[in-house]
Amino acid sequence: MIELPNECLSEIFKSFGNNNNKNYRFLFSCLLVNRQWCRNVIPVLWSRSLSCIDDRRLMRIYLLSLNAEEKAPLIPLNISLPDGPKPLFEYSFYTISINYHYLEKGIMKWLCLEGHEPHSLYRIKYKNEIEAVIYSLIKMLLRTSEKIKEWFFDNFKMDIINGGDIEFNSKIVKLLFNYKNTTITLLDFSYIKLSSEEVRALTDILCKNTRLVSLRLSDCNLGT
């Protein structure tokens with residue numbers, strides 16, 4: 001039997017790498033064929049895994065990837081982190097897209113399943129816990145992945161309506177300013193407030209990044 005080269009397998013699996021849940025189930029089953037298939041499926045399966053972050057198992061894997069510094073802000077909030085060995089692969093290495101909206105949804109569901117009761121005003125009641133986990137997870141993703149291509153900060157309007165902290169939104173965006181790689185091709189900001197200093201930092205990023213093809217600023221306050 002002639003084995004297909006990795007380049008061919010990679011392209012085949014990429015054709016299934018969209019947000020379709022059926023495709024994700026298919027790719028997951030491909031992991032079990034053999035080691036070669038596994039090595040080629042993992043990068044595709046985990047490149048946009050945040051779109052399925054409301055799966056409790058995915059959230060557990062990401063939380064197990066936090067280092068001591070990233071766990072520290074969660075301890076005073078009595079957030080019970082999963083215990084166990086680190087995952088076999090550094091799955092977050094393959095992440096190419098960060099989406100605040102998906103992260104928030106996944107974290108709220110995970111906190112609920114871990115013992116916090118469902119609540120109609122959940123985002124307000126557990127605001128500190130949700131924001132702390134979001135911040136730690138984004139720091140981890142930026143630390144471990146060198147291939148981030150897309151940043152979506154498009155869920156802030158609802159945060160502001162529900163009593164969200166605009167300063168926290170700015171804090172998250174500052175993580176982008178410290179991200180040294182120039183692999184980003186898409187930036188999407190909505191309902192955020194940036195100081196003049198932060199606008200200059202964003203301008204510096206845009207000047208240095210020659211790969212950016214899409215920039216969207218919607219209802220943003222860009223300093224003075």
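Laboratory data are not the source of any read-out in this text; all were calculated from the coordinates shown. These figures come from a predicted structure and were not determined experimentally. With ideal geometry, Cβ positions are generated from the backbone for all residues, glycine too; neighbour counts draw on all protein chains shown.
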- Query: Quick one: Glu104, Glu197, fewest Cβ neighbours within 10 Å first, how do they rank?
  - Reply: Glu197, Glu104
- To the nearest 0.05, how large is the calculated FRET efficiency for Glu69 and Cys38 if R₀ is 30 Å and r is the Cβ-Cβ distance? 0.45
- Task: Work out how much length Lys208 to Arg143 would gain on full extension: take 0.36 nm times their residue separation and subtract the Cα-Cα distance, in nm to one decimal.
- Result: 21.4 nm
- Note on the structure: Ordered by fewest other Cβ atoms within 10 Å, a rough proxy for footprinting exposure, Met140, Met59 read Met140, Met59
- Kindly put Lys86, Lys127 in sequence by how many other C-beta atoms sit within 10 Å of each C-beta, fewest to most. Lys86, Lys127
- Query: Asn178 versus Leu31, label points 7 Å from Cα toward the beta carbon: distance in nm?
  - Reply: 3.1 nm
